[in-house]
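As structure tokens, the structure follows; a few thoughts come after it.
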Amino acid sequence: MHLSCKRSTSIIAVLAASLGLAAPSMLCQRTTSTKQAELKETSSVEPWWKHAVIYEIYPRSFQDSNGDGVGDLKGINSRLDYLKSLGIDAIWITPMYPSPQVDFGYDISNYEAVDPQYGTLNDMTRLIDHAKQREIRVVLDMVLNHTSDQHSWFLQAASSRTNPKHDWYVWSDGKSGTGPGSHEGRVPPNNWVSLFGGSAWEWVPAVHEYYYHEFYKQQPDLNWRNPAVEGAMFSTMRFWLDRGVAGFRLDAIPSLFEDIQLRDEAELGGTSAQGDPILARNYTDNLPEDHDVIRRLRAMIASYPGDRVLIGETYMPNTMELDKWYGGAAHDELQLAMDMLVGFSSKLDASTLRKYIDEAETELHGSQPLFVFNNHDNPRAIDRYGYGVHNEEIAKLLATILLTTQSTALMYQGEEIGMVTTPPARLQDVKDPIGISGWPKEKGRDGERTPMQWDDSANAGFSGANVNPWLPIPQSYKDHNVKVEASEPNSILNWYKQMIELRRTNPAIRDGLNIMLNADNPNVLSWLRQSPGQPAVVVVCNLTDQEQKISFDLSAQGIASKQVRTLMKTPGNVDPLSLDAVQLLPFSVYVGQAE
Ligand code: NOJ
């Protein structure tokens, strides 16, 4: 996940390190057009998700409708008109199922209901219906890797070895041994550690066995080698597909299977914020068996009408690995695999971004890329890429990369108003358990989960004025909120709105090939969007704090004229007279149509 962000060592960084994520090497010099012609999927009717802007909602923090300080489904419902005005096509709602909330919903105790603090099943069906009336689709989060330890399946599984549900989870007798953490003369079977800290094995006295948990011990991993688990999980997905959801975001999908021999992992050197060794994770992540399940899942959702979509949480070290989650040339796995390379390189480095954007266009066997810069697990991009001085410009620049390449766009609530990461200042205020166990090195994920800033009233319009929101409202809410920004023509919010509208209406931006330009320029990242029979569009981003002047020769792309017409530009940039001299202020953007 994030590689060089300002939060030093997070679970995400640990995972990234274990995946061997490294800075990309050389400038991408390839020409793209012929390759693309071979690779593009040829479909006359394109699925909705191909051009979509998908908006992630963290329900606890979006809109509180009943004054308990926690967001809820009725709150989301009340903001659908705002989402429509933003121009988004779908919302992905992070888990709203019943849950003890140890991992704020990612520990599910019932997959076919709604947690009372978020509302009822009726609220959910109403939300799906009201969203549909506005042509907004609803994508749900689906946690297949693990359940809550309070799920009835696990309670049964942990009650006796002969219970039919016992084999639904991953158990081990451990091996003989004594010392700290030993039970009845046994120690865990191997050195695996939880991504959230400590051993990945937890002892259950009633069955005299350890169970495996990749995340918190309250999140036991399901045993996907047992076909009954697949049957039960597919059935819960059908439950929601039957209620009209447009698809699923598959949580931790590369972690479904573990090595059957439970072999020790190699240590890569270094430790996590929780003090655990960083492990290779060759035996707990990315096992070939994961792909068999996804292929069957893809076939299952294909039996529903309306292009239901599978979106994977896929933190991969490079584009080639990412391609595997699409099924490579077979295109039979995920339709959208989150690309965490562009949005989490966390450095405004032209060669790195150019390489990743170009690879997404050319190395995915024509599958559709899905760029993402923000989510509820990582410090916000404005802080990771920002320098403090030009952060507004940088936010607009990142939005431009997200919205004008050919990728499907995934955004996270609050990024459209420039919300900043606001981690807790004191240990006693931390809500995310990894922030407690990792303090002060790892302050947890509260900073990126603070409530949505709707206006400049007390509690930013998230909750009533006399309510204590579950996380405090950051001070930035006075200037950065939907109401204020809606009325400022040059706000980040209006930049997002205009960019989304441009993406929707301009044929080259919507459909065209993405050809990187001036590939040896270390300061300016630029590309061409080109669609047959349509005017081509040049997108130019200055990644430095210095003014830049750049010229373009598009003759290789069959464009002889140097004339250009401005479609969008960061305020202050002048309209260029020709493509021979495009001038850019620090961290600014120019988007123009070649005429
Ligand atoms: C990824 C989710 O985004 C994160 O919030 C969660 O803690 C883990 N998966 C475990 O479910």
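The values are calculated or read from the model by the stated rules, or taken from the named source; none is laboratory data. Note that the structure is a prediction, hence the values are computed from the model and not measured. Here the Cβ positions follow ideal geometry from the backbone for every residue, glycine too, while neighbour counts run over all protein chains shown. Just so you know, the surface numbers come from the protein's heavy atoms only, side chains and all, with ligands and any DNA or RNA stripped out. Shrake-Rupley method; radii C 1.70, N 1.55, O 1.52, S 1.80 Å.
Okay, here's what the table says:
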{"read-out": "In segment 418-444, residue nearest to the ligand (Cβ to nearest atom) [restricted to those that are within 18 Å of the chain's Cα centre (by Cα) and either within 19 Å of Tyr477 (Cβ to Cβ) or polar (S, T, N, Q) (or both)]", "value": "Thr421"}
{"read-out": "Residue within segment 246-257 that is more than 16 Å from the ligand (Cβ to nearest atom) and surrounded by fewer than 19 Cβ atoms within 10 Å (Cβ to Cβ) present", "value": "no"}
{"read-out": "Odd one out for Ser255, checked against (1) of a type in the set (S, T, N, Q); (2) touching a helix residue (DSSP H, G or I) at 6+ places or on another chain (Cβ under 6 Å); (3) touching a residue at least 40 places away in the same chain (Cβ under 8 Å)", "value": "(2)"}
{"read-out": "Residue that is farthest from Trp439 (Cα to Cα), among those in segment 158-202 that are within 16 Å of the ligand (Cβ to nearest atom) and of a type in the set (Val, Ile, Thr)", "value": "Val170"}
{"read-out": "Test for Ala330: is it aliphatic (A, V, I, L, M) and free of Cβ contacts under 8 Å to residues at least 12 places away in the same chain", "value": "yes"}
{"read-out": "Residues being small (Gly, Ala, Ser), closer than 18 Å to Thr408 by Cα and open to solvent by 10 Å² or more (accessible area, probe 1.4 Å) - total across segment 346-363", "value": "0"}
{"read-out": "Failed item in (1) farther than 19 Å from Met237 by Cβ; (2) of a type in the set (S, T, N, Q); (3) within 16 Å of the ligand (Cβ to nearest atom), with Asn122 passing the rest", "value": "(3)"}
{"read-out": "Complete set of residues in segment 91-116 that are within 15 Å of the ligand (Cβ to nearest atom) and of a type in the set (Gly, Ala, Ser)", "value": "Ser99, Gly105, Ser109"}
{"read-out": "Scope segment 455-474; condition open to solvent by 10 Å² or more (accessible area, probe 1.4 Å) and of a type in the set (Phe, Trp, Tyr); matching residues", "value": "Trp470"}
{"read-out": "Selection count, segment 203-217, where residues are under 17 Å from Ser437 (Cα atoms) and either open to solvent by less than 10 Å² (accessible area, probe 1.4 Å) or in contact with a His (Cβ under 6 Å, 6 or more places away or on another chain) (or both)", "value": "2"}
{"read-out": "Complete set of residues in segment 425-445 that are open to solvent by 20 Å² or more (accessible area, probe 1.4 Å) and in a loop (DSSP other than H, G, I, E, B)", "value": "Ala425, Arg426, Lys431, Trp439, Pro440, Lys441, Lys443"}
